[in-house]
Amino acid sequence: MTSRYQFIFLLVLLLVCNVALAQSNSAKPSSSWTLVWSDEFNGPNGSPVDSSKWVFETGGNGWGNDELEYYTARPENIYQQDGNLVIKILKENYTSGGVTRDYTSARLKTQGKFSQAYGRFEARIKIPRGQGMWPAFWMLGDDVDKVQWPACGEIDIMENIGKEPGTVYGSIHGPGYVGGTGLGAPFRLPAGQAFADDFHIYAVEWEPEAIRLYVDDNLYETRTRADLRPGWKWAFDHPFFLLLNVAVGGGWPGSPDASTVFPQTMLVDYVRVYRRADTRP
């Protein structure tokens, strides 16, 4: 009897430990985090984004990546629907400001509206699919207009290129570590699964000495000052603002091809920003 009860006790203890471990790895912030900013995108269907929180970036100049889209502020490309932000990517001939492009999309940022140094930044997103698609949820230092990129710093919380449907990338960039030398890692779903099939939570937990990247309940990358090579500068000690966009084409994803179906959409359920409960703003 004693051995039987000991076995049962050990089994229960193991189950409790597993539950505790799962909770500790959960993408949901613990009680140590305090929500300080969010957009739940619960406006009326067809309504524009909240202009007190977001501003548009528009244009079709390639954005330094040889991209093929023109970012617009039109309701055809961006609106709220059924509790989500919708960024719709269209294949259409579009001309504005003397520039003609064959695709349109949208790009939002919180620059001038909201920025923060350190905390947890997360969004629940269902990305588009197809060759040439390049969705992103990312951050830039709010001194970008003063010191320019990459001195301002960049945190890519989520990037995907359509030709890799089961992979997203998280990375950081600063002086000396840009493009292919950026510090980051991929996160891959099991074979046969695609990120465009469902919503996923993409998050970064950023502290003075470390930046941790998550997909759902998975911590998959941590970067610190110790990762910098000689001559590189840690560019993550000041406030950053948020960006959401879907690019089309460019040097990394390549151009759409005959397999790419249009229109495509990126759905954003929410964007939330937290601060440690035991720290001051």
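Every number here is computed from the coordinates shown, using simple stated rules; none is lab data. Everything numeric here is computed off the predicted structure, so don't read it as measured data. Please note: Cβ atoms are built from the backbone with ideal geometry, for glycine as well, and neighbour counts cover all protein chains shown.
Overview of results
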{"item": "Sequence ranges 241-250, 205-214, ranked by mean other-Cβ count within 10 angstrom, highest first", "result": "241-250, 205-214"}
{"item": "Calculated on alpha-carbon atoms, Rg and Dmax of the stretch 175-281 in Å", "result": "17.0, 53"}
{"item": "Inter-label distance for Asn61 and Ala73, nm, one decimal - labels placed 7 Å from Cα along Cα-to-Cβ", "result": "1.7 nm"}
{"item": "Rotationally averaged projected area of the stretch 180-242 (alpha carbon convex hull; nm²)", "result": "5.9 nm²"}
{"item": "Ratio Rg/Rh [Cα only; Rh per Kirkwood] for the stretch 81-164", "result": "1.00"}
{"item": "Point-charge dipole on Cβ atoms (K/R +1, D/E -1) for the stretch 32-179, about Cα centre, debye to 20", "result": "220 debye"}
{"item": "Cα Rg, Dmax (largest Cα-Cα span) when computed across the stretch 28-276, Å", "result": "17.2, 52"}
